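Okay, structure first, notes after.
The values are calculated or read from the model by the stated rules, or taken from the named source; none is laboratory data. What you see is a predicted model; the values in this text were computed from it and never measured. FYI the Cβ positions are ideal-geometry reconstructions off the backbone, even for glycines, and counts take in every protein chain you see.
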Amino acid sequence: MSTLILQVPDELDRALERRSTASGISKNNLAREALRRYLQVAEFRTLRTKLVACTRAGAEHCAENMAEVLEEE
């Protein structure tokens, strides 16, 4: 596992500390999960944008290139 050093504003650190204390989950694990979820949403949005563009190009074009669009991810 890699180490990432991250500077956050004091307000964000306090909020993370409160959530960590309330949930019994370490700040590291909370931050790791938040980053994982953010990246999943970002990947989904990228794929959705590509699929919408493909669909707008026409159903036939989209069907022909669906595998290519999905493989790019």
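Just a few scattered comments:
- A67 vs. criteria of a type in the set (G, A, S), out of contact with any helix residue (DSSP H, G or I) (no Cβ under 7 Å at 6 or more places or on another chain), assigned to a helix (DSSP H, G or I) and at pLDDT 90 or above: no
- Considering residues of region 18-59 that are surrounded by 12 or more Cβ atoms within 10 Å (Cβ to Cβ) and touching a residue at least 24 places away in the same chain (Cβ under 8 Å) only, the residue nearest to the chain's Cα centre (by Cα): T46
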